[in-house]
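Some notes on the structure that comes next.
Here, each number is a calculation from the coordinates, and none is a lab measurement. Note that the structure is predicted; figures quoted are calculated from it, not measured. Cβ placement follows ideal geometry from the backbone for every residue including glycine, while neighbour counts extend to all protein chains displayed.
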């Protein structure tokens, strides 16, 4: 019996929590990658990127096994499609980290000094969105015990609203950071300008996928 099958026997949501653990391991590499670029440590960046690619692949393998293991004989308190949609959005978070690793290693990038502080402030908020989403996932087994209703569901809905707010704040920081980026476009190579814009956009995508994960759970609670 595979570990995923065993976790399904514990709870329909245990495999999703297991997958999220690997996704968060992937997300943990984002800050070290940004720090390596800031400090001009290309070898460190390449080494971290390799870890990202491996961890994202691990998350993909877990996702695929979960998809293949959700049998109809298991009672699910939610629609199977919603469960798979929730899983996909979690996996999209890991995909976004992989995309960031690709963008940051396409060429040797220099971190524009005026952007360092606002960029890390933005990163702080994106990480906050992801960690809050992870916290919501920890309630999944309890929600099942409460038939996806009651006090636990109300608490989770409140947490999801907090994630929505944090993601909105991340969007605002992304906009301000993008403005600052273009304020210095004359000092940058066009390729660097383009890459940094894509990097900041992809970081925003990470927050977006985290927020959508919470929104998918809201949908499950509403059905």
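List of remarks:
- Relative contact order (percent, whole number), the range 3-222, Cα cutoff 8 Å, 6+ residue spacing: 29
- Using 0.36 nm per residue and subtracting the Cα-Cα separation, the extra length available between residue 67 and residue 41 on full extension is 5.5 nm.
- Exposure proxy ranking for 124, 92, based on other Cβ atoms within 10 angstrom of each Cβ and starting from the fewest, stands as 124, 92.
- In this calculation the C-beta distance from residue 106 to residue 80 is compared with R0 = 35 Å, giving a FRET efficiency of 0.35.
- Length released on extending from residue 18 to residue 138, taking residue separation times 0.36 nm less the Cα-Cα span: 42.2 nm
- In degrees, nearest ten, helix 113-137 long axis to first principal axis of the chain (Cα): 0
- 0 to 90° range, to nearest 10: angle between helix 190-222 axis and the chain longest Cα axis: 20
- Of the peptides 36-47, 93-104, the order by per-residue mean of other Cβ atoms within 10 Å, starting with the highest, comes out as 93-104, 36-47.
- Spherically averaged projected area of the chain from its Cα convex hull (nm²): 12.2
- Backbone N under 17 Å from the residue 158 label point (7 Å along Cα→Cβ), restricted to the range 189-223: 218
- Paramagnetic reach from residue 172 in the range 93-118 [backbone N under 17 Å; point 7 Å along Cα→Cβ]: 118
- C-alpha long axis of helix 80-105 to longest principal axis of the chain, angle in °: 20
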